[in-house]
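Student: I have a structure I would like to understand better, so I am pasting it below and will then ask my questions one at a time.
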Amino acid sequence: MKHWKNSAAVLVASAVTLASPAMAQNIGQIADGLTTQVSSIGILIEVVSYVLGVALGIAGLMKFRAHSQNPNDPSNKMSTAFMLMFVGAALVAIPAVLGSGISTIFGSGADTTNGNNGFGLSL
């Protein structure tokens, strides 16, 4: 136990001495940093929604195929296949809906997003 206490003390001491102070000068620079981070999160949400949408679409097609091979199997219901396809299509459509929804709510002067670029950022 004493070894862990010594290691923790060395870790804390090195973190304190090697840490550099934050160099944000004013609120504007902090806001710019947050804007950049938020737009990156928007791009991440778009990419994840595309990937999950395609994966759920493929899973829905596989359920359709499994149902056609054995329609009496209760685990291969048509409703499950339709649900997977519907949710997959909705996830793929999220970026387009986000852009038009922002324009509808906040007007045409608002920053919009789509699948090609985030909030005004080019990939």
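Every number here is computed from the coordinates shown, using simple stated rules; none is lab data. In this text, all values refer to a predicted model and were calculated from it rather than measured experimentally. Reconstructed Cβ throughout: ideal geometry from the backbone, glycine too, with neighbour counts over all protein chains shown.
Student: For the range 28-62, name all the residues that are hydrophobic (A, V, I, L, M, F, W, C), surrounded by fewer than 16 Cβ atoms within 10 Å (Cβ to Cβ) and under 17 Å from the mean Cα position of the chain (by Cα).
Tutor: Leu34, Val38, Ile41, Leu44, Ile45, Val47, Val48, Val51, Leu52, Val54, Ala55, listed by residue number.
Student: Applying the selection to the range 39-57, what residues are more than 19 Å from Met78 (Cα to Cα) and small (Gly, Ala, Ser)?
Tutor: If the condition is that a residue be more than 19 Å from Met78 (Cα to Cα) and small (Gly, Ala, Ser), then Ser39, Ser40, Gly42, Ser49 are the ones that fit.
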